[in-house]
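The structure appears right after this line, and notes come after that.
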Amino acid sequence: MADTLSTADASSGTSPEPGQQCSNKPKRSLFTRFSQAVAAYAGKPVTFVIAVGLIVVWGLSGPIFGFNDTWQLVINTSTTIITFLMVFVIQNSQNRDTAALQIKLDELISKLDGPREVLLDLEELDEKDLEKIRAEFEELAEKARKA
């Protein structure tokens, strides 16, 4: 595992030019890509403006529908479903970011002569890839405790 992460294994030893895609970038799962995209769009001001606009339209439509139970049920059901799904999407992004941050910190602590550059975008990895790297650091920590 350590061999696959060392900077010496990079084909040219340098990072790609700005704007170029790294050819050996790990493939992310569909859910990882989806959750990252949803979390990114949910945090934009335009998304907030759209949400406020929908609420205003809903509120203004109240007199048309006579403020009946169905009219209220539309907004209640919509917000409940969106909130329920967003909890999982945001938690997925948060878990991945937290795990990646922890591994990056472990790398800085374990290497006084400089971190491995391949670890710089860990938040882009899937959970199974993060677990493999985390296991490597746990093994290093265990060896250090025994020494």
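Every number here is computed from the coordinates shown, using simple stated rules; none is lab data. Fair warning: this is a prediction, and the values are worked out from it, not measured in the lab. Cβ: placed from backbone, ideal geometry, glycine included. Neighbour counts: every protein chain shown.
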Kirkwood-based shape ratio for the range 27-146, expressed as Rg/Rh from alpha carbons: 1.23
Need one word for the range 29-70: rounded, prolate or oblate. Basis is the Cα gyration tensor (sqrt eigenvalues a ≥ b ≥ c); a/c below 1.5 gives rounded, then a/b vs b/c decides. oblate
Quickly work out the residue 138-to-residue 76 label distance, labels modelled 7 Å from Cα along the C-beta direction, and quote it in nm with one decimal. 4.6
Quick one: if you stick a label point 7 Å off each Cα along the C-beta vector at residue 40 and residue 61, how many nm between them? 3.1
Set of the range 46-80 residues, backbone N closer than 19 Å to the point 7 Å along the Cα-Cβ line of residue 86: 46-59, 73-80
